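Below is one structure, written out as structure tokens; comments come after it.
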Amino acid sequence: MAKFEFRLPDIGEGVVEGEIVKWLVSVGDTIAEDQALVEVMTDKATVTIPSPKAGKVVERHGNEGEIAKVHGTLVVLETEGGAAEAPAPAAAHAAAPAPAAAAAPKAAPAAEEGRRVLATPVTRRMAREHGVNLAAVVGTGPQGRVTKEDLLGFVSGGAANQAVPAAQPGMQLPPAPAVVATAADQRIPIRGLRRKIAENLVRSKQSAPHYHFVEEVDATDLVALRDRLNAKLAKSGEKLSFLPFIVKAVIGALKKNPRCNAVMDEAAQELVIRGEYNIGIAVATDDGLVVPVIHHADKLSMREIAKEIVRLSDAARNRKLSQADIGGGTFTITSLGQTGGLFATPILNHPEVAIMGVHRMRKRPVVNDAGEIVVRDIMNLSWAFDHRNVDGAEGAKFAYDVIDLVTDPDKLMLEMA
């Protein structure tokens, strides 16, 4: 028998570590070649790592919720054969949906000490060729990633020539006080999707200065239109919620306010105004909030948008979303439906620069233009904007353009023509 040490392979360009979400084998198990070993979550996807060999698991490194480093030992197998085998090659394959895992070249061993360094495999190879420790280079890319330009600047001019990072982290806070639990308390580890949600929200809050805008909306005419259309669709079994109408209203307003249909390129310090209208829909799942995307929503009919919302929501709740379903969003809508409350202050889906919240609709007494008290269907809409790119007046104009189409659905129908 021989020992075979299997190390975490490259699982995506620039990925240097991943969280162990779930072990699929135990010490003592006899496994087959290509049998799934472990699920690992990176900042890009959750991937299943298969075993390159058959054998018996004699060591397992890392617990669920802990971080595994690329090229760090995952498992040790006892395999058939008389001589000890060399460690597994770093380019061992990862199962789909790992993005571009197999083609990625080897990353340099983690020589950096004291801090995590993000860099692409190409940059790491260049660093090795120049004999540079990447930990000594200031990264100006997303999340402090060291770019090729950073490395070349360091090589040509040394640390003194380092560019100032595009986005400096906020002030250093003192360590958080320790939480002392009692016997009646329950501790829940922040792992998997919940950890990624937390990281993304912190990144959004720290990098994008938010401001919020809230307005009341009279949706009485929209309610009447939806009732008429649903009556016509009754025989087909289809049913429209309010969300497809709101998606169309948002697209109409985005076309008039293109700076709201954009993402912030932190590395280049540029606003990228998108030419497509890909609307993210926040969906609550048992694992946490996910945002699948209705791609090219401007080219879809109301019925097609309604079907896509149902498909994406079901896929999200059943963990069946593909990478294509969750990428490429240009604007996000978050709706809490009947639990929507009066209003809320949504957090940007970074790097997008605007998001809209949809809140519960109620019948309320209001005063009309004739001074009469009438009962109308009223709801609140709320927005958050990245103030670096969307000023207050600009955000308010976008908001009122949405409201104009929601309160006047005849105009919305004309905008769609």
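The values are calculated or read from the model by the stated rules, or taken from the named source; none is laboratory data. It should be emphasised that the depicted structure is a prediction, and the values quoted were computed from it without experimental measurement. Neighbour counts are summed over all protein chains in view; Cβ atoms, including those assigned to glycine, are modelled from backbone coordinates with ideal geometry. Accessible surface areas use protein heavy atoms only, side chains included; no ligands, DNA or RNA. Shrake-Rupley method; radii C 1.70, N 1.55, O 1.52, S 1.80 Å.
The table below lists the values:
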{"read-out": "Out-of-range pairs (alpha-carbon distance over 27 Å; input LYS307/LYS411; LYS239/LYS320; LYS69/LYS196; LYS299/LYS363; LYS196/LYS299)", "value": "LYS299/LYS363; LYS196/LYS299"}
{"read-out": "Burial order of peptide ranges 274-281, 328-335 (average beta-carbon count within 10 Å, highest first)", "value": "328-335, 274-281"}
{"read-out": "Values of log10 I(q)/I(0), in the order q = 0.22, 0.29 Å⁻¹, for region 191-249 under a Debye, Cα-only, solvent-free model", "value": "-0.87, -1.17"}
{"read-out": "Residue (of GLN338, ALA234, GLN323) at the positive-pole extreme of region 233-371, dipole from beta-carbon charges", "value": "ALA234"}
{"read-out": "Straight-distance crosslink candidates among lysines, where the alpha carbon sits under 16 Å from LYS397 and sequence neighbours closer than 8 are dropped", "value": "LYS255, LYS256"}
{"read-out": "Positive-end residue, region 248-300 charge dipole about Cα centroid, Cβ charges, pick of ALA249, VAL293, ILE279", "value": "ALA249"}
{"read-out": "Solvent-accessible area, 1.4 Å probe, carbon plus sulfur percent, for region 208-416", "value": "53"}
{"read-out": "Accessible surface of region 2-79, 1.4 Å probe, proportion on carbon and sulfur as whole %", "value": "42"}
{"read-out": "Net +/- balance of residues flanking ASN380 in space, Cβ distance below 15 Å, scoring K and R +1, D and E -1", "value": "+1"}
{"read-out": "Residue-normalised accessible area of region 2-79, given per residue in Å² at a 1.4 Å probe", "value": "38"}
{"read-out": "Segment THR345-GLU394, length gained on full extension (0.36 nm per residue, minus Cα span)", "value": "15.8 nm"}
{"read-out": "Stretch gain in nm, segment LEU414-VAL366, where the contour uses 0.36 nm per residue and the Cα spacing is subtracted", "value": "14.5 nm"}
{"read-out": "Computed magnitude of the charge dipole of region 322-417 (debye, nearest 20; Cβ of K, R +1, Cβ of D, E -1)", "value": "440"}
{"read-out": "Pairs of Cα atoms farther than 16 Å apart, region 309-379, %", "value": "66"}
{"read-out": "Accessible surface, per residue, of region 208-416 when the full set of protein chains is kept, probe 1.4 Å, Å²", "value": "48"}
{"read-out": "Nearest-0.05 FRET efficiency for HIS210 and LYS235, computed from C-beta distance (R0 51 Å)", "value": "0.65"}
